[in-house]
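All remarks here apply to the structure that follows.
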Amino acid sequence: MSLSPATFALPATFLGLAAYDRAATFCVAGIPLDVGTTNRSGARDGPAAIRRASRMLVDGAHPVHRIEPATMPVADIGDFSIALGDIGKSLDLIERQAAAVGHLIALGGEHGITLPLLRALSKRTGPLALVHFDAHVDTWPDNFGQRYAHGSVFFHAIEEGLVDPRKTIQIGIRSPMGTDVHDWTLSRGVRIIPAEAVHETGPAAVAEQIRAVVGDGPTYLSVDVDVLDPAFAPGTGTPEIGGLASWQLLAVLRRLGDLDFRGMDVVEVAPAYDVAEITALAAATVAWEYLALMGTKGPLRRVGKAP
């Protein structure tokens, strides 16, 4: 009888995967960029922490979808290269590396990594629909004079035509923001669902709104871990109270299987502020949930051992 290694003995890759096949259907990459943060730094250590925590998720099938993401055609391809201390050069490097990958699951790093990922992906798909979970709208034209800081990613994505703002929805928003930023975001057609509305209406209603806004076109998923309340994700750079509970985020994601997702990221894990890996595990679970969702589609169900 063969024995599987204990979870703590698995390789320190996402889900303990040993393969580094860039031709895999789904590729997981870490992007340890942490130059444009505006509060607490440390997200550069996020990819490693997410990978370590992800080994908790290989004990069996997803409880709802009955998919085992680790059995899917997925590979951890390591970390992308960045230019030390240089945001502009780092964004260019990330874009070039992402362009060589098909379906990418990116582990941040700060939220600024999403901009080059969208630049690379939109060249293949055209303007994308966007599902964005966050405490912040991230549509500031700059942060404290830094044009490409982590709070400006979707301002540039909209201005550059990478995403269709009329097919963009932001869930969990609750941070302070200038009226000009709020009004600019709404004027472009972005739908904002505040965290309080998620609490009041519930995951099913939120998922229905997401589907109504996004439609059936190519879609990108971006999850800033600070969408969760600090009780569930203390290890992040810009925490905001009043956020979603972990179960609410998962309950919404599990209802989005009919969307045409082409890639995703989970960002802003700062392990130095974490407690018992709960933030890293939350981020790892988001990526695992996404893979399980992808595994429910067509022939991938067989790969993922779904009934």
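The values are calculated or read from the model by the stated rules, or taken from the named source; none is laboratory data. Note that the coordinates shown come from a computational prediction; the quantities given were computed from them, not determined experimentally. Every residue, glycine as well, gets a Cβ built from its backbone with ideal geometry; the counts of neighbours run over all protein chains shown.
Here are some notes:
- Selection count, region 239-250, where residues are crowded, with 21+ Cβ neighbours inside 10 Å and either closer than 17 Å to residue 288 by Cα or at pLDDT below 95 (or both): 3
- Any strands (runs of 3 or more DSSP E) falling wholly within region 122-238 and containing at least 1 residues that are over 17 Å from the mean Cα position of the chain (by Cα): 163-173, 191-194
- Selected residue (criterion: surrounded by the most Cβ atoms within 10 Å (Cβ to Cβ)) from residues of region 34-60 that are in contact with a Pro (Cβ under 9 Å, 6 or more places away or on another chain) and not in a helix (DSSP H, G or I): 42
- Leading residue by the ranking (surrounded by the fewest Cβ atoms within 10 Å (Cβ to Cβ)) among those in region 4-33 that are over 16 Å from residue 288 (Cβ atoms) and among the aromatic types (Phe, Trp, Tyr): 8
- Enumeration of residues in region 69-96 that are part of a helix (DSSP H, G or I), buried (at least 16 other Cβ atoms within 10 Å of the Cβ) and among the β-branched types (Val, Ile, Thr): 87, 94
- Region 164-181, residues that are out of contact with any strand residue (DSSP E or B) (no Cβ under 8 Å at 6 or more places or on another chain) and within 18 Å of residue 143 (Cα to Cα): 175, 176, 177, 178, 179, 180, 181
- Index of the failed condition, residue 29 passing every other in (1) over 21 Å from residue 274 (Cα atoms); (2) part of a helix (DSSP H, G or I): (2)
- Flag if residue 85 is more than 22 Å from residue 294 (Cβ to Cβ) and modelled with pLDDT under 90: yes
- Selection count where residues are of a type in the set (A, V, I, L, M) and outside any helix (DSSP H, G or I), scope region 97-121: 6
- Candidates 73, 69, filtered to the one that is under 19 Å from residue 25 (Cα atoms), modelled with pLDDT under 95, in contact with a strand residue (DSSP E or B) (Cβ under 7 Å, 6 or more places away or on another chain) and not hydrophobic (A, V, I, L, M, F, W, C): 73
- Test: residue in region 260-274 that is in a loop (DSSP other than H, G, I, E, B), more than 14 Å from the chain's Cα centre (by Cα) and free of Cβ contacts under 8 Å to residues at least 60 places away in the same chain: no
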